[in-house]
Amino acid sequence: MTKKITVAAGSFWPEIGGPSSYVRSILPRIKESGFEVDLVVRSKKRKYPEDSGLDFKIYRVKDWPSKPLNYLRYFLTLLKKAKSSEIIYAQGPVSSGYPAYWANKFLKKKLVVKITGDYAWEQYSLENEIIEVIDFQRHKLSGRFKTLRKVQERVCRSADLVIVPSRFLAKVVRHWGVKEEKIKVVYNGTDFKPLDLKKEEARKNIGISGNIILSAGRLVPWKGFKMLVKIMPELIKEHNFARLVIVGDGPEMETLEIMKNNLGLQNKVYMVGKKPQEELKMYLAAADMFVLNTAYEGFSHQLLEAMAAGVPVVTTNAGGNPELVKQGDNGFMVKYNDELNLTEAIKAVFGNEDIRQKFSEEGKKTAERFTVKKMTDETVNLFNSL
């Protein structure tokens, strides 16, 4: 008999974002493996033209201004659609996971939760000084941060399985009181196909010349974009044609623009906003290196795609990054916001063709080990084990 799975997600294509990309890549393959699939997703619209071409059912719950009402409407839709399913697969512990938790209280299905980060830590870090994620697990909280932590813990403890994309996140989830045997590491995969385009042509297409340092992600404090802007005057002293291109949006956009202008970097630093994957490919084709100065990373899809594109990477030793990057082999790692060593690592990549070539070749080999097929096969095997 065909098993049915209802996937609860916070976003889906054509809306942009990491979770959206993950769900889009994995659902057709889950269906191909013999499951019937329904997707219940929070959405900016009730319907997109792209929905008609999907080979699984999608139920979009349009966001309303009232957050409590959003949760209620999402919960009721999930409760209705998951009745005939054997498994509920929630993408995250809060926006989709908490309604899935309550739906499962009524339906008594198998609940699987995908964890890509610590949402309570992220919300805390938007308003407070950044502390290590592991240290945060023992940090005394109050108010909504305490509530978010309790929600994460409750949802994950109640799940039959918790899927994480790195050993680092497995350690974080263990701090939430989840039993070891419930936590399964399934590394993210990519089928990223880079553009077959020369750098100069790609640079013409994006309208930026020079030697491009590319970075991408949500513009939030722990992504360390302010440090990248700060070190640009020093980099330009040695590499006059260095240009920093930041892809993404978020709460730090205005701060970064002010920094750029105050440092006189108007034609050296480019804030280009959020881009869909097809456009991001053009920026990767134009880039000399990809830099991710992050305080925390579950398992970076951006690093993986940069490697797949053959772009040398410089990043931090935070979170799951050491599970992807091997120091001096397929990239450089430094401590988060380490101004001196970050600057020197970027200079080393700029100044040494042998390093660039090695990181490019080894990065591509690394990316080949993290495929969507491998990720899907391992995920489906876990579903079949329930």
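Structure data summary
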| read-out | value |
| --- | --- |
| Relative contact order of the chain, pairs being alpha-carbon contacts under 8 Å that are 6 or more residues apart, as % | 13 |
| Long-range HN-HN contacts of residue 249 with modeled amide H, under 5 Å | 219, 274 |
| Overall form of the range 196-246 per C-alpha gyration tensor (a/c, 1.5; a/b vs b/c) | oblate |
| Relative contact order %, the range 199-368, counting alpha carbon pairs below 8 Å whose residues are six or more apart | 23 |
| Dipole magnitude (debye, nearest 20) for the chain, charges at Cβ of Lys, Arg, Asp, Glu | 1880 |
| At most 11 other Cβ within 10 Å, DSSP loop - chymotrypsin sites (Phe, Trp or Tyr not before Pro), the range 154-233 | none |
| Whole-angstrom Cα spans of the range 199-368 along principal axes, big to small | 39, 34, 33 |
| Residue (of 293, 324, 304) at the positive-pole extreme of the range 199-368, dipole from beta-carbon charges | 293 |
| ³J(HN,Hα) computed for each position of the range 94-109 - Karplus, 6.51 cos²θ - 1.76 cosθ + 1.60, integer Hz, glycine/proline x | 10, 4, 10, x, 5, x, 5, 4, 6, 4, 6, 4, 7, 8, 6, 8 |
| Top of 104, 128, 341 by mean-square fluctuation, Gaussian network on the chain, Cα under 10 Å | 128 |
| Peptide ranges 319-325, 355-361 listed from the most packed, as the mean C-beta count within 10 angstrom indicates | 319-325, 355-361 |
| Table column - 3J(HN,Hα) (Hz), the range 54-59, Karplus curve with 6.51, -1.76, 1.60, x for Gly and Pro | 7, 9, 9, 7, 10, 10 |
| For the range 6-98, the fraction of alpha-carbon pairs in successive 10 Å shells from zero, as % | 16, 54, 27, 2 |
| Most fluctuating residue given options 264, 363, 331, as computed from a GNM of the chain linking Cα atoms under 10 Å | 264 |
| Rounded to whole Å, sorted largest first: equivalent-ellipsoid semi-axes of the chain, Cα gyration tensor | 36, 23, 20 |
| Amide H partners (placed H, <5 Å) of residue 269, local residues excluded | 244 |
| Pairs of alpha carbons in the range 267-316 whose separation is greater than 15 Å (percent) | 49 |
| Dipole axis of the chain (+1 Lys, Arg; -1 Asp, Glu on Cβ), positive-most option in 192, 263, 37 | 37 |
| Spacing of the two label points (7 Å from each Cα toward its C-beta) at residue 36 and residue 105, in nm | 2.8 |
| For the range 33-116: relative contact order, % (alpha-carbon pairs under 8 angstrom, 6 or more apart) | 24 |
| Rg(Cα)/(2.2 N^0.38 Å) for the range 99-187, N = residue count | 1.09 |
| Largest-first principal axis extents of the Cα set of the range 290-386 (Å) | 50, 26, 16 |
| Charge dipole (the range 12-84, unit charges on Cβ, about Cα centre) - positive-most of 28, 75, 12 | 75 |
| Magnitude of the charge dipole, the range 199-368, Cβ model with Lys/Arg +1 and Asp/Glu -1, debye to 20 | 280 |
| Vicinal HN-Hα couplings computed from phi for the range 331-348 (Karplus, 6.51 cos²θ - 1.76 cosθ + 1.60; Hz; Gly/Pro x) | x, 10, 10, 10, 6, 4, 6, 7, 4, 5, 6, 5, 4, 5, 5, 5, 4, 5 |
| Built amide H within the under 5 Å cut-off of residue 4, gap 5+ | 36, 86, 87 |
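Values quoted throughout were computed directly from the atomic coordinates according to the rules given, and no laboratory measurement underlies them. Because the structure is a prediction, the values reported are computed rather than measured. All Cβ positions, glycine included, derive from the backbone under ideal geometry; neighbour counts span all protein chains shown.
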